[in-house]
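The values are calculated or read from the model by the stated rules, or taken from the named source; none is laboratory data. What you see is a predicted model; the values in this text were computed from it and never measured. Neighbour counts are summed over all protein chains in view; Cβ atoms, including those assigned to glycine, are modelled from backbone coordinates with ideal geometry. Areas reflect the complete protein model, heavy atoms only, side chains present, ligands, DNA and RNA absent. Shrake-Rupley method; radii C 1.70, N 1.55, O 1.52, S 1.80 Å.
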Amino acid sequence: MEIWKKKFTLEDLNQANKNTAAEQLGIEFVAYGDDWMEAALTVDQRNCQPMGLLHGGSSALLAETVGSYAGFCACEEDKGIVGVEINANHLRAMKLGERVTARATALHIGRTLHVWQINISDSQQRLCCQSRLTLAVLDQNKE
């Protein structure tokens, strides 16, 4: 069952990402289905820590980016979202040059609250990071 209430394309998502922290780290939207959305990045100097591994904060930013866009697209046209809480469990180190993909799937889509599961995996489909993102749904015309 399709969950998207807003119309979008991958080009729309990547265009909306222009001039943001996500773009600076090399995050791009790569795929979506009826009830999931994916974004990816390649580990490089913009998103790694001094030991040449993907920075945990970069994993969290990747998770929040794909989860937030998914939440935004899954709410009514006159609604927006803001992040309330995110957690991330880092399970496998990713080295320079490796590509990771984050898939967001909804655990709960309510009228005022969304909870999204974001699994970040490497090119061999091994789980690298597991994150959960809670979003509040707001009227877009209110502050």
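Structure above, values below:
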item	result
Residue among Asn19, Asn87 that is at pLDDT 95 or above, of a type outside the set (Phe, Trp, Tyr) and farther than 22 Å from Ala136 by Cβ	Asn19
Residue, surrounded by the fewest Cβ atoms within 10 Å (Cβ to Cβ), within region 1-50, restricted to residues that are among the hydroxyl-bearing types (Ser, Thr, Tyr) and over 24 Å from Gln124 (Cα atoms)	Thr9
Residues of region 116-143 that turn out to be part of a strand (DSSP E or B) and either modelled with pLDDT under 95 or more than 13 Å from the chain's Cα centre (by Cα) (or both), as a count	6
Conditions (1) surrounded by fewer than 22 Cβ atoms within 10 Å (Cβ to Cβ); (2) in contact with a Ser or Thr (Cβ under 6 Å, 6 or more places away or on another chain); (3) closer than 15 Å to Cys128 by Cβ: number failed by Gly57	(2)
Pair list, Cβ < 8 Å and 6+ apart or interchain, from region 23-34 residues that are under 10 Å from Arg46 (Cα atoms) and without any contact (Cβ under 8 Å) to a residue 40 or more places away in the chain to residues that are open to solvent by less than 60 Å² (accessible area, probe 1.4 Å) and outside any loop (DSSP other than H, G, I, E, B)	Leu25/Leu41; Leu25/Ser58; Leu25/Leu61; Leu25/Leu62; Gly26/Leu41; Gly26/Thr42
Residues (open to solvent by 30 Å² or more (accessible area, probe 1.4 Å) and within 16 Å of Arg92 (Cα to Cα)) located in region 104-129	Asn119, Ser123, Gln124, Gln125, Arg126, Leu127
